[in-house]
Amino acid sequence: MLILGIETSCDETAAAVVEAGKTVHSNVVSSQDEVHARYGGVVPELASRVHIRMIPAVIDQALQKAHVTLADIHGVAVTQGPGLVGSLLVGLGAAKSLAMAFELPLVGVNHLEAHVAANFLEQDPPPFPFSALVVSGGHTNLFYVSDHLTYRTLGQTRDDAAGEAFDKVAKFLGLGYPGGVVIDRMAKTGDPVSVAFPRAMMDDDSLDFSFSGLKTAVITHLKKHPLEDPGLEQKQADLVAAFQEAVVDVLVSKALRAEARNRTGHLVLAGGVAANSRLRAQLARAASSAGITLHVPRLAYCTDNAVGVASLGYHQLRLGRRASWDLDAYSRLPHRLPPRHR
């Protein structure tokens, strides 16, 4: 069964063709980084306009790279949320049009679950059940995953997501966009203990996250200790390394705390921030010490893409699930996941 996946939840226009939920025949992603870099973050209206312009070519390229036509496709899967509604609607419109024109079944996919599903496209996928940490620009969540379509939320951010904090700190420092990439690179030459930034919500038993206070702490520190020459470059590197370490410490500690409760022996890392080299290294070290097997997708599957969307679409379709033509977008993750995820 060949599934065409379409992803437009934020500022990447993506399409992929995946067979049987695990074999990737194509994976095409068109980034908008240059469009939004001048603003220091994603501008929703601009993102929607670029999606409209790019999505026909991206879908066509995904089909060409897979050496198939729409006549060979058995179903269409599309991200319906969470994300930017204007962006999501572009993908939904394209998916509905193709499904209707070629009489193909249509399914909607949860963006966060698609990030997790990317791990099943690797050579050593995690066995069920497992714990999952999803970290991106808009989301920081912990899940207990029972099977491909059954997720239970254990914790989530109460304010800024981890990736959002990276972007905001980078913007405040004038480092450019996307902030996570710049900070990851600069932090490699910095001292992670140069500044004692706070680790929020670490003392209680909660699995929720909070990063807005850390962002404020960075701004407050800079007001008290402005970065000036001599040694400006090194001072910046030290500052972002200390900030990054505070984020990573919280993510690693909470993920291991969740897995200690679940006792599955397997932990999945997913989402755009899963590409952060310090997070990958520290979580691998901590998981190994705790006797936990860590599963992390390749870098190309960390950022927004459509391979996980197509994979999840396959698992829905094989169970006979179909979306109606009134399938709609949702911007936020519901407080309670839809009934099929309980």
Discussion item. For segment 64-113, which positions are among the hydroxyl-bearing types (Ser, Thr, Tyr) and within 19 Å of ALA47 (Cβ to Cβ)?
Written reply: THR79, SER87
Worksheet item: For segment 1-68, list the strands (runs of 3 or more DSSP E) that sit wholly inside it and hold at least 2 residues that are acidic (Asp, Glu) and either surrounded by 20 or more Cβ atoms within 10 Å (Cβ to Cβ) or out of contact with any Cys (no Cβ under 6 Å at 6 or more places or on another chain) (or both); which are they?
Response: 12-19
Worksheet item: If a residue has to be buried (at least 24 other Cβ atoms within 10 Å of the Cβ) and part of a loop (DSSP other than H, G, I, E, B) to count, how many in segment 90-137 make the cut?
Response: 2
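Rundown of residues vs (1) surrounded by 22 or more Cβ atoms within 10 Å (Cβ to Cβ); (2) over 20 Å from the mean Cα position of the chain (by Cα); (3) part of a helix (DSSP H, G or I), yes/no style:
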| site | (1), (2), (3) |
| --- | --- |
| VAL145 | yes, no, no |
| ARG152 | no, no, no |
| GLY155 | no, no, no |
| GLY163 | yes, no, yes |
| LYS168 | no, no, yes |
| PHE172 | no, yes, yes |
| VAL181 | no, no, yes |
| ASP205 | no, yes, no |
| GLY213 | no, yes, yes |
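Residues checked against (1) farther than 30 Å from ARG261 by Cα; (2) at pLDDT below 95; (3) in contact with a His (Cβ under 7 Å, 6 or more places away or on another chain):
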residue: THR69; (1), (2), (3): yes, no, no
residue: HIS74; (1), (2), (3): yes, no, no
residue: THR79; (1), (2), (3): yes, no, yes
residue: ALA101; (1), (2), (3): yes, no, no
residue: ASN110; (1), (2), (3): no, no, no
residue: GLU113; (1), (2), (3): no, no, no
residue: PHE120; (1), (2), (3): no, no, no
residue: VAL145; (1), (2), (3): no, no, no
Practice prompt. Take segment 215-230 and flag every residue that is outside any helix (DSSP H, G or I) and closer than 15 Å to VAL169 by Cα.
Written response: PRO226, LEU227
Worksheet, complete the sentence: Checked segment 16-63 for anything among the hydroxyl-bearing types (Ser, Thr, Tyr) and either modelled with pLDDT under 95 or under 21 Å from GLY138 (Cβ atoms) (or both); matches are SER30, SER31, TYR39, SER48
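The values are calculated or read from the model by the stated rules, or taken from the named source; none is laboratory data. These numbers were taken from a predicted model, which means no experiment stands behind them. We place every Cβ from the backbone using ideal geometry, glycine too, and count neighbours over all the protein chains shown.
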